[in-house]
Amino acid sequence: MDKFVRVSHVVAGHDLTIGEAFWAKHFEERSFDGLIDPVVMLDHFHMTSSTFAAHPHAGISAVTYVFEDAIGAHVNYDSLGNQGPINPGALHWFAAGRGAVHTEQPEGEEQHVHALQIFVNLPASKKFNAPYAVHVEPHEIPEFKAPGVRVRVASGSSNGVSAAHSAQLPEPFTLLDAFLSRSSAFSHELLRGWSGMIYAVSGALRIEVGGEVRQLMAGEALGVALDKGAADSAAAIRFFSDEGCHFVVLSGPALNEPIAKHGPLVMNTREQLEDRIRAFQNGEFGQLVMPQPVEQ
């Protein structure tokens, strides 16, 4: 066993349903013994019609990654004036900083958005920065391919493949959307000082890292971290699937900072949280302009 590699127990996603149009597997950072920092929350969701009213974010990046098998776009609106579709296979990174308002929803008939919503924490030094968004179209996301393996590098890098837009993100972060066919394997390096979350979207996955072995079934996840004190600059995570699997890897430098949360607002102290709630109530997060429905 490698004492510098820490691996969590396997965590099953909490079933979350809102109305008839939204259902998800929901994960919170506190379920992983601190091993998925800077990830604060993950929802693997399906949405077939508008579910959420416009809402604020602060202190985090609200990241939407739409899977390629989604039907129709997830349409984004925010108080920065951004508006447009997040198409199947696209990434939308909303760095909320000191605060902004947004909403995302399917529009049109027979839409079925299949996606991830990820809350990625911002370091204390950037929680009060101006908000901004990075949008990445499907054709701009590079891929790593090997026999039986296809990995979309939505951000960060893996096996020599790097996403050019990663330089625009507030902090380094790797998001891999990976597919293994029957009896195939893939390896990814977790950097020293980084933590990661591995989630099985579908199929069964075996993971080997630091002398530990874990089995994930669809809807399950685990956390893994390589401590800063490790002699090696990276730890290899090896993924195997006997029957084929679709999984994602989320990883970034661990912040190791205190968290004060109130829904989509994540700060370092209760005082900061109350300050941001007052700022939102006072209109400092800006206004969201939604298109008016056309009268028939």
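Couple of notes before you dig in:
- Single residue of D37, D2, D33 found to be touching a residue at least 24 places away in the same chain (Cβ under 8 Å), closer than 20 Å to S251 by Cβ, in contact with a Ser or Thr (Cβ under 8 Å, 6 or more places away or on another chain) and surrounded by fewer than 20 Cβ atoms within 10 Å (Cβ to Cβ): D33
- In the stretch 48-65, of all residues being in a strand (DSSP E or B) and over 25 Å from A163 (Cβ atoms), the one that is modelled with the lowest pLDDT corresponds to H55.
- The set of residues in the stretch 46-75 being buried (at least 20 other Cβ atoms within 10 Å of the Cβ) and within 26 Å of E171 (Cβ to Cβ) consists of P56, H57, A58, G59, I60, S61, A62, V63, T64, Y65, V66, H74.
- Residues satisfying the stated conditions in the stretch 108-120, i.e. in contact (Cβ under 8 Å) with a residue 12 or more places away in the chain and more than 26 Å from S202 (Cα to Cα): G108
Each row is one residue, and each column tells you yes or no for (1) under 30 Å from E212 (Cβ atoms); (2) assigned to a helix (DSSP H, G or I); (3) at pLDDT below 95; (4) not hydroxyl-bearing (S, T, Y).
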site	(1), (2), (3), (4)
H9	yes, no, no, yes
E20	no, no, yes, yes
H26	yes, no, no, yes
G84	no, no, yes, yes
G89	no, no, no, yes
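- Leading residue by the ranking (surrounded by the fewest Cβ atoms within 10 Å (Cβ to Cβ)) among those in the stretch 262-296 that are in contact with a strand residue (DSSP E or B) (Cβ under 9 Å, 6 or more places away or on another chain), under 30 Å from D227 (Cα atoms) and at pLDDT below 95: G263
- Filter result for the condition that a residue is among the charged types (D, E, K, R), in a loop (DSSP other than H, G, I, E, B), under 19 Å from the mean Cα position of the chain (by Cα) and more than 20 Å from M267 (Cβ to Cβ), over E68, E104, E109: E68
The values are calculated or read from the model by the stated rules, or taken from the named source; none is laboratory data. Predicted, not measured: the structure shown is a model, and the values here were computed from it. Here the Cβ is made from the backbone with ideal geometry for all residues, glycine too, and neighbour counts use every protein chain on show.
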